[in-house]
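Note sheet for the following structure.
No value in this document is a laboratory result; all are computed from the given coordinates. This structure is a prediction, so every number in the text was calculated from the model and none was measured. Methodologically, a virtual Cβ is constructed for each residue, glycine included, from the backbone with ideal geometry; neighbour enumeration extends over all protein chains shown.
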């Protein structure tokens, strides 16, 4: 049972979070009691050494259900606050729309009254500027609960999964002369430096794509280009995903090797660099999850022991859900990034069959199978949430994915060497060429007739059958590959007899 302890604990806790998130509190508690009762009853038919494990699984389900139900209930009954004023601190970067600008405020001192623990989304003028970590004086403000404008989109809970419980309009906010959070201030200055350095060496819209690759998000891209990326299924390349994290970690590791360090010492450069990068981009869910998996891989390398990657992925997801149970239901990015990473890990047996082929064949097969596996797992969820599907997504990703690590590392090189005359211009020209190629591919495929197909309502039972079939097929593939590996190993030791 020890080999399944980590995976079983993570999956059981996540199942509890699912029940607490999708059912109302009473239904979730009833479902939890039924599940735990069934497990206790079933445990009587197991051997004694399994009974404790089964009971532990029941405890994990119950814990997850209670935590998620409490979190959902907390935001459902949260009351508004009137005439609040005091000192707060800006969290994250401002986002600017057509008519207003928005930023998130954390309340610290409310002048004699207890400050709400939840963050506040402040809507202000387009001409105001507040930076991450800045201390401000606010108020008096009326903190209102967010309104739900669309019955198909739960906007209040969408904000709640970011810790935002209130919104306020036309709230007086002025910067304080005292210094705010120094770490957040330095991270903001670093982001500004990266953005400005890229802007000096690369023209738009390629510069906006470079910022998206390094800092995440498509805010710097023109609306038409964002639509083209979405049409052909390439929006993920400007998200801080596990793919970007793995490329960056590998680059830091090779940097350590290049400095003459031993492999186990070079791992520490990759570890520190990955953590700093996650902090720099604001620690989104996809980056945190990918970083946890990468750190587990570094740790396994240091102690010279293999790790069960799927178990570590599920454990990373369970840790994130323990910190924020609302991610599972209300964060589409968390759902898609977890499924994509899961698909990549489970496609490994297919890819391992081509390990003896040439570099070109192996690289092509890797890109094709990774893209196909990811699309296989994320397509049902994409249809449920967005109702659209790109028939050319597989083709577009096969063309683009080999260029993404080159563009990512080249953009990183522009930031590092952009200040050096001559060298910075060379890096800028190379990076511009790669980024321009990415944009040209997206725009060309988006112009092909039928690039986007719209679908109506997708039933949940279809999704369940789809994922059940995918998992069954993948587990069967794992068994086939494992048996083939065991036969090969046996033939080596027996001399082929």
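Remarks
- FRET efficiency for the pair residue 73 and residue 30, taken as 1/(1 + (r/R0)^6) with r the Cβ-Cβ distance and R0 = 25 Å, rounds to 0.95.
- Ordering 278, 136, 232 by the number of other Cβ atoms within 10 Å of each residue's own Cβ, fewest first, gives 136, 278, 232.
- Cα-based shape type of segment 48-183, given that a ≥ b ≥ c are square roots of the gyration tensor eigenvalues and the cut on a/c is 1.5: prolate
- FRET efficiency, residue 403 to residue 463 (Cβ-Cβ, R0 35 Å, nearest 0.05): 0.65
- Using 0.36 nm per residue and subtracting the Cα-Cα separation, the extra length available between residue 5 and residue 148 on full extension is 47.4 nm.
- Distance between modelled label sites at residue 223 and residue 200, nm, 7 Å Cα→Cβ extension: 3.3 nm
- Cβ-derived FRET efficiency at R0 60 Å, residue 479 paired with residue 419, nearest 0.05: 0.65
- Between residue 169 and residue 114, the modelled label-to-label distance comes to 3.0 nm, taking each label 7 Å out from Cα in the direction of the beta carbon.
- Counted by neighbouring Cβ atoms within 10 Å, the residues 460, 466 run from fewest to most as 460, 466.
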